[in-house]
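First the structure, in the form of structure tokens, and then the observations on it.
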Amino acid sequence: MIHLNIGSNLNSKFGSRFDNISIAIKLLIEAKIFIKKISNFYETPSYPNKNLPKFLNVGILVNFKSDQFKLHKIIKFIETKLGRIKTKKNDPRIIDIDIIDFKRLIKNTKTLTLPHPKCHLRNFVLYPIFQIDPNWSHPILNKNTQYLINNLSRKSRIEITRLNKNVNIQV
């Protein structure tokens, strides 16, 4: 199984943050990435500057027949197509698509680190995974999502909101 996380905290020429994420998922489908499950939208404050627009995130569980480098290339193409401009770390962005886990592969190259190096510390990654794949465990730490969520700070556990809204795509 492959876990991706998609986030947005800026509107784009395509519409709202919700629209950006929905369009990214449609483009993943067009690229022959099979979507198995999509979490609800989750909203969190921007980090580290809470004055910036809030982030929306979804977790998705996918299948992909090719390797992690091909998937990474497709993701970068989609981000560019939606208008993502590489700026400094933690700046607002139209779209951000991360590979969280690629078939439990452990890899560290110049362009890609698997699993995502900070996934176990991020509420906006862990809560969506827990919703769509509660038995997932971190490939290196061998800890499940409930354990990882319980180890987040209290602040991190309460500043995330699961929205009663889903991506408008049938899977």
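So the values come out like this:
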quantity	calculated
Residues within the stretch 111-141 that are of a type outside the set (A, V, I, L, M, F, W, C), modelled with pLDDT of 95 or more and assigned to a loop (DSSP other than H, G, I, E, B), tallied	10
Those residues of the stretch 88-115 which are free of Cβ contacts under 8 Å to residues at least 24 places away in the same chain and within 19 Å of Lys73 (Cα to Cα), in sequence order	Asn108, Thr109, Lys110, Thr113
The stretch 142-171 - residue that is charged (D, E, K, R) and outside any helix (DSSP H, G or I) and, of those, farthest from the chain's Cα centre (by Cα)	Lys143
Scope the stretch 80-90; condition surrounded by 13 or more Cβ atoms within 10 Å (Cβ to Cβ) and either more than 11 Å from Ser8 (Cα to Cα) or among the aliphatic types (A, V, I, L, M) (or both); matching residues	Lys81, Leu82, Gly83
Residue within the stretch 103-114 that is farther than 23 Å from Gln131 by Cα, among the polar types (S, T, N, Q) and within 16 Å of the chain's Cα centre (by Cα) present	yes
Whichever residue in the stretch 5-47 is among the hydrophobic types (A, V, I, L, M, F, W, C), more than 21 Å from Lys70 (Cα to Cα) and within 15 Å of the chain's Cα centre (by Cα) and, among such residues, is surrounded by the fewest Cβ atoms within 10 Å (Cβ to Cβ)	Phe18
Which listed residue is surrounded by 13 or more Cβ atoms within 10 Å (Cβ to Cβ) and of a type in the set (A, V, I, L, M, F, W, C), from Ile158, Ile106, Ile95	Ile95
Number of the condition not met by Ser22 [criteria: (1) in contact with a strand residue (DSSP E or B) (Cβ under 6 Å, 6 or more places away or on another chain); (2) closer than 17 Å to Val167 by Cβ; (3) of a type outside the set (A, V, I, L, M, F, W, C); (4) in contact (Cβ under 8 Å) with a residue 40 or more places away in the chain]	(1)
Exclusive hit being surrounded by 15 or more Cβ atoms within 10 Å (Cβ to Cβ), under 15 Å from the mean Cα position of the chain (by Cα) and farther than 17 Å from Glu43 by Cα, set Val125, Val58, Val62	Val62
Selection status of Thr80, without any contact (Cβ under 8 Å) to a residue 60 or more places away in the chain and of a type in the set (Ser, Thr, Tyr)	yes
Residue check for Lys118: out of contact with any Pro (no Cβ under 6 Å at 6 or more places or on another chain), surrounded by fewer than 16 Cβ atoms within 10 Å (Cβ to Cβ), of a type outside the set (Ser, Thr, Tyr) and at positive phi	no
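Conditions (1) among the hydrophobic types (A, V, I, L, M, F, W, C); (2) assigned to a strand (DSSP E or B); (3) at pLDDT 95 or above, marked per residue:
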{"position": "His3", "(1), (2), (3)": "no, yes, yes"}
{"position": "Lys26", "(1), (2), (3)": "no, no, yes"}
{"position": "His72", "(1), (2), (3)": "no, no, yes"}
{"position": "Asp91", "(1), (2), (3)": "no, no, no"}
{"position": "Ile100", "(1), (2), (3)": "yes, yes, yes"}
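The values are calculated or read from the model by the stated rules, or taken from the named source; none is laboratory data. The model shown is predicted, which means the values in this text are computed figures rather than measured ones. Heads up, the Cβs are rebuilt from the backbone with ideal geometry, glycines too, and the neighbour counts pull from every protein chain shown.
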